[in-house]
Amino acid sequence: MIMTSTPTNADDRKAFYDTIGQQNLTPLWEVLHGLVTPEPVHQVQPAIWRYDDIRGHIMASGELITAKEAERRVLILENPGLPGQSKITGSLYAGLQLILPGEVAPAHRHTQSALRFVVEGEGAYTAVDGERTTMHPGDFVITPSWTWHDHGNDSDRPMVWLDGLDIPMVSFFGASFAEKWPEDSQPLSRPEGDSLARYGQGLMPEGYQARTHTSPVFNYPYARTREALEQMRIHEKWDPAQGLKLNYVNPVNGDFAMPTIGTFMQLLPKGFDGIPYRATDATVFSVVEGTGEATIGEQTFSFGPRDHFVAPSWAWYRLSASEDCVLFSFSDRPVQQKLDLWREQRGNG
Ligand code: 1HN
């Protein structure tokens with residue numbers, strides 16, 4: 001007799017799986033459809049953290065623990081779909097860090113790359129590899145992988161910034177290393193403003209050779225970014241989904257400013273009513289100016305300055321602005337593009 005189909009004896013199969021399991025083997029056909037899905041499948045949910053709702057908790061953390069004892073006093077923005085995982089998306093970490101007047105967050109370094117985006121306060125500093133920068137709201141500051149960094153606040157006001165790190169990616173690769181500097185503050189070897197002067201003016205020191213994939217400019221001041229958007233608005237065509245959107249770039253090669261995290265600043269003019277948009281890079285937004293609405297999947301969030309929200313991978317979202325809005329955002333787009341994975345789609349308006 002010719003067998004046209006294999007007998008389906010569930011018990012036989014189970015027994016087979018148990019047998020091969022002893023050799024650390026497992027059948028692909030039982031899991032294939034969950035591994036290779038026709039469209040992205042993940043647990044990341046749309047979410048918003050409204051600053052008015054959480055600022056009190058951030059300030060209360062300042063009464064509970066010092067920046068020095070905590071090492072970094074941060075409330076993690078944890079995605080509600082990924083509880084206990086310290087992730088805002090599958091590949092990225094985000095948190096809001098508080099540093100009070102007179103405090104120091106001690107010097108250390110790690111293989112994870114970090115971005116700071118200043119949300120509140122004026123005049124605290126971060127030091128990276130021997131150079132300090134004074135921070136202002138809307139500044140985008142980079143701590144490249146494996147660079148010494150410490151923060152301090154010599155101003156008379158609390159400062160709060162958004163931290164974005166590639167912690168889940170580094171963990172995925174099993175490549176986390178960290179160490180502490182023996183003192184709270186690292187020694188300074190260059191004057192403040194040195195990096196911006198050398199690399200941030202469309203100029204480059206003669207013979208300069210990049211040693212890493214991260215931009216040598218480590219503070220992109222908001223005043224310049226805002227000016228660029230305002231100038232562009234005079235003649236640039238608006239993207240129907242994203243308005244006027246700029247990428248922060250590494251001036252050495254025009255690539256993203258950080259190798260693992262793409263960073264963006266966009267302007268939505270008053271009355272903007274964006275068409276639906278989705279992309280495979282789940283994106284974290286920090287509202288700098290203005291009020292508007294983000295409809296992400298089934299949920300509509302009204303937002304204002306200092307609010308944070310997240311749009312998951314491949315979820316449709318629409319942005320609208322009731323006043324001129326400026327939004328900072330970040331995602332894992334550089335990595336997805338390097339891997340030929342990144343896709344975007346615009347819907348009908
Ligand atoms: C870190 O080093 C900082 O340097 C902030 O400010 C948040 C979260 C996890 C691991 C290291 C910082 C961090 C972090």
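Read-outs throughout are calculated quantities, based only on the coordinates presented, and are distinct from any laboratory measurement. Given the structure is predicted, the values throughout are model-derived calculations rather than measurements. Heads up, the Cβs are rebuilt from the backbone with ideal geometry, glycines too, and the neighbour counts pull from every protein chain shown.
Quick notes
- Counted as qualifying within region 160-238 are the helices (runs of 4 or more DSSP H) with 1 or more residues that are more than 28 Å from A94 (Cβ to Cβ), namely 194-199, 222-232.
- No other residue among I48, I20 is more than 27 Å from V128 (Cα to Cα), surrounded by 13 or more Cβ atoms within 10 Å (Cβ to Cβ) and more than 16 Å from the ligand (Cβ to nearest atom) apart from I48.
- If you check I76, I167 for being under 13 Å from the mean Cα position of the chain (by Cα) and without any contact (Cβ under 8 Å) to a residue 40 or more places away in the chain, only one passes: I76.
- Unmet requirement for L25, which otherwise passes all of (1) assigned to a loop (DSSP other than H, G, I, E, B); (2) of a type in the set (A, V, I, L, M); (3) touching a residue at least 12 places away in the same chain (Cβ under 8 Å): (3)
- Subset of region 113-147 [part of a loop (DSSP other than H, G, I, E, B), out of contact with any Asp or Glu (no Cβ under 6 Å at 6 or more places or on another chain) and within 14 Å of the ligand (Cβ to nearest atom)]: A124, D129, M135, P144, S145, W146
- Candidates E63, E69, filtered to the one that is in a helix (DSSP H, G or I), within 16 Å of the ligand (Cβ to nearest atom) and either in contact with a Gly (Cβ under 8 Å, 6 or more places away or on another chain) or more than 29 Å from H213 (Cα to Cα) (or both): E69
- Restricting region 293-312 to residues that are at negative phi and among the small types (G, A, S), the residue that is farthest from the chain's Cα centre (by Cα): S302
- For region 89-112, the candidate set comprises residues that are assigned to a loop (DSSP other than H, G, I, E, B) and over 23 Å from E131 (Cα atoms); within that set, the residue that is farthest from the ligand (Cβ to nearest atom) is G90.
- Residue count for region 283-297, restricted to those that are in contact (Cβ under 8 Å) with a residue 60 or more places away in the chain and out of contact with any strand residue (DSSP E or B) (no Cβ under 6 Å at 6 or more places or on another chain): 1
- Filter pass, S176 being in contact (Cβ under 8 Å) with a residue 12 or more places away in the chain, small (G, A, S), buried (at least 20 other Cβ atoms within 10 Å of the Cβ) and within 16 Å of the ligand (Cβ to nearest atom): no
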